[in-house]
1. Hey, what do the phi angles of region 192-203 turn into as Karplus ³J(HN,Hα) couplings, whole Hz, using 6.51/-1.76/1.60 and θ = phi - 60°, x for Gly and Pro?
2. Of all accessible surface on region 162-264 at a 1.4 Å probe, what whole percent is carbon and sulfur?
3. Enter the angle in degrees (range 0 to 90, nearest 10) between the Cα long axis of helix 158-173 and the first principal axis of the Cα atoms of the chain, meaning the one along which they spread out most.
4. In what order, largest first, do Y223, Y208, Y234 sit by accessible area if the probe radius is 1.4 Å?
5. Rounded to whole Å and sorted largest first, what semi-axes of the equivalent ellipsoid does the C-alpha gyration tensor of the chain yield via the square root of 5 times each eigenvalue?
6. For helix 61-73, what angle does its Cα long axis make with the longest principal axis of the chain, in degrees from 0 to 90 and rounded to 10?
7. Heavy-atom accessible area of R62 with all protein chains present, probe 1.4 Å, nearest 10 Å²?
8. What is the Å³ per residue value for the convex hull set by the Cα atoms of region 7-153?
Amino acid sequence: MNKRLTVPDIVSKKGKEKIVMLTCYTAQMAKILDNHVDILLVGDSLGMTIYGHKDTLSVSSRMMIDHGLCVVKNSNKALVVIDMPFGTFEADKVKAFETAAELISKTKATAIKMEGGAEIADTVNFIVERGIPVMGHIGLMPQKINLVGRFLSVGKNKKEENKVLSDAKAISDAGAFSVVIEATKTELGKKVTNLINIPCIGIGAGKYCDGQVLVIDDLLGFYDELSPKFVKRYSDMKNIINTSVKNYSNEVRNSKFPGNKYSY
Ligand code: KIV
């Protein structure tokens, strides 16, 4: 029996139960995270966390498919969502549907995520009407980094706030089943959550959102090239790895490893 959470399962949590979401890109991590979360997001943040790029703009569909497949194959409970890479959906809704269909058919993920507000509402509607569930992504949109220069919070004045609210409404009216809202004041996260009747999942948008998402490498203290205020580091993986590898190197250099215990 398929026990994977479905889109209606996620939607029905709004107002009742907080939704837990994390990014995930690899097999072993999928096996662990699947026991704890509702949604695994194969985010295009993998361009930064896995591939070491300074932003997400050079992520390709090929990368999303390879990592998406790993995550789907190695999980069986969480709903898996895959990010649409920059440049694959903005200009043309038919191309957007074709990209979305390729991501879904090649990975067997359930849904795709698209960054953008009112300007992509028609495309969201086009994709949903053809059978692919869409999660929106508003507020700070990392794929638009070159317009703003830096990863900054949004909604700092009335004009920006109104834009976030109208983007939320447009994406929700277009048929998205949920929306991620990134880097806004707590009050704006609350307003968006109350405005729309689909789950609003916050990352740096405060405690009133219907759920929360973090980048797994941030949570684990593995990726520390950026340190946004909203990241809570629950572990210090970078130090743990450094210490383990330092111990191994010392033992090899001093002929302590392998020793009899680790030899045939
Ligand atoms: O790509 C990603 O990891 C994301 C999250 C920040 C929500 O979009």
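1. Rounded to whole hertz, the list is 5, 4, 6, 6, 10, 9, 10, x, 10, 10, x, 9.
2. Values: 3230 of 6050 Å².
Using a 1.4 Å probe with all protein chains present, region 162-264 comes out at 53 percent carbon and sulfur.
3. Its long axis makes an angle of about 90 degrees.
4. The ordering from most to least exposed comes out as Y234, Y208, Y223.
5. Working through the eigenvalues yields semi-axes of 34, 21, 18 Å.
6. Taking the Cα atoms of the chain, the angle to 61-73 is about 70 degrees.
7. 130
8. 118
The values are calculated or read from the model by the stated rules, or taken from the named source; none is laboratory data. Please read these numbers as outputs of a predicted model, since none were measured by experiment. Cβ: placed from backbone, ideal geometry, glycine included. Neighbour counts: every protein chain shown. All accessible areas refer to the heavy atoms of the entire protein, side chains included, with ligands and DNA or RNA removed. Shrake-Rupley method; radii C 1.70, N 1.55, O 1.52, S 1.80 Å.
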